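Single-structure report; data block below.
The values are calculated or read from the model by the stated rules, or taken from the named source; none is laboratory data. Model, not experiment: these values are computed from the prediction. Because the Cβ atoms are built from the backbone with ideal geometry, glycine has one as well, and the counts that use them run over all protein chains shown.
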Amino acid sequence: MTYLALLRAINLPHHKQIAMADLLDLLTHLGFVEARSLLQSGNLVFRSRARSGARLERVLETEAANRLALETDFFVRSAADLRSVIAHNPFRKEADRDPGRLVVMFLKDAPGAREVKALQVAITGPEVVRVAGRHAYLVYPNGVGRSRLTNALIEKRLGTRGTGRNWNTVRKLGALAQA
């Protein structure tokens, strides 16, 4: 089965620097096959016989900490999960018009209706959010950098951790997972 592992907040300036080659070596050492990466921001694709994304997350987080001294969250999805994320995008027009301003946040846990409502209420700008299971789709009309809708605010309101990828990256990951 093909999986994607998305790492949270690595290779930002002066923050959790790690070579993709080291992560690929880790995957190979753990017995995963056909390991590939996309960009330098922690996007990995690999094949595994494991059937549980949650179990893979725990293994990858533990082994990255032990072998690479890398403390970060891994968000694992199957290729089928990613196809579903792409197919159920509620912002198709925005994805076509300006895919860099559409972000999918991959979440550890699916938030409840109360948490989603708390996030909606906390939005003070033109941003729009839709949450579906363990994924939040966010449109940033003025760009992510200028927005007050930060990852910290999203995580606090939804009560779970997450990592975001813009629509361009999501589509590239989808293609890589199919290759």
Taking Leu26, is it modelled with pLDDT under 85 and surrounded by 14 or more Cβ atoms within 10 Å (Cβ to Cβ)? no
Answer with yes or no whether Arg55 is free of Cβ contacts under 8 Å to residues at least 40 places away in the same chain and assigned by TED's automatic domain parsing to the domain that holds Ala152. no
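Yes/no per residue for (1) surrounded by fewer than 13 Cβ atoms within 10 Å (Cβ to Cβ); (2) over 19 Å from the mean Cα position of the chain (by Cα):
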{"position": "Asp73", "(1), (2)": "no, no"}
{"position": "Val76", "(1), (2)": "no, no"}
{"position": "Val85", "(1), (2)": "no, no"}
{"position": "Arg101", "(1), (2)": "no, no"}
{"position": "Ala110", "(1), (2)": "no, no"}
{"position": "Ala118", "(1), (2)": "no, yes"}
{"position": "Val131", "(1), (2)": "no, no"}
{"position": "Val139", "(1), (2)": "no, no"}
{"position": "Asn142", "(1), (2)": "yes, yes"}
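On the basis of being over 19 Å from Ala9 (Cβ atoms), touching an Asp or Glu at 6+ places or on another chain (Cβ under 6 Å) and not acidic (Asp, Glu), does Arg47 make the cut?
Against the criterion (over 19 Å from Ala9 (Cβ atoms), touching an Asp or Glu at 6+ places or on another chain (Cβ under 6 Å) and not acidic (Asp, Glu)), Arg47 qualifies.
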Taking the criterion of being out of contact with any Gly (no Cβ under 8 Å at 6 or more places or on another chain), in a loop (DSSP other than H, G, I, E, B), of a type in the set (Phe, Trp, Tyr) and modelled with pLDDT of 90 or more, would at least one residue in region 72-91 satisfy it? yes
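Assess whether Leu107 counts as being touching a Lys or Arg at 6+ places or on another chain (Cβ under 6 Å) and more than 24 Å from Glu57 (Cα to Cα).
no
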Sort through Thr124, Thr160, Thr150, Thr169 and tell me the only one that's at pLDDT below 95, farther than 25 Å from Ser37 by Cα and under 17 Å from the mean Cα position of the chain (by Cα). Thr150
Within region 155-179, count every residue that is touching an Asp or Glu at 6+ places or on another chain (Cβ under 9 Å) and of a type outside the set (A, V, I, L, M). 7
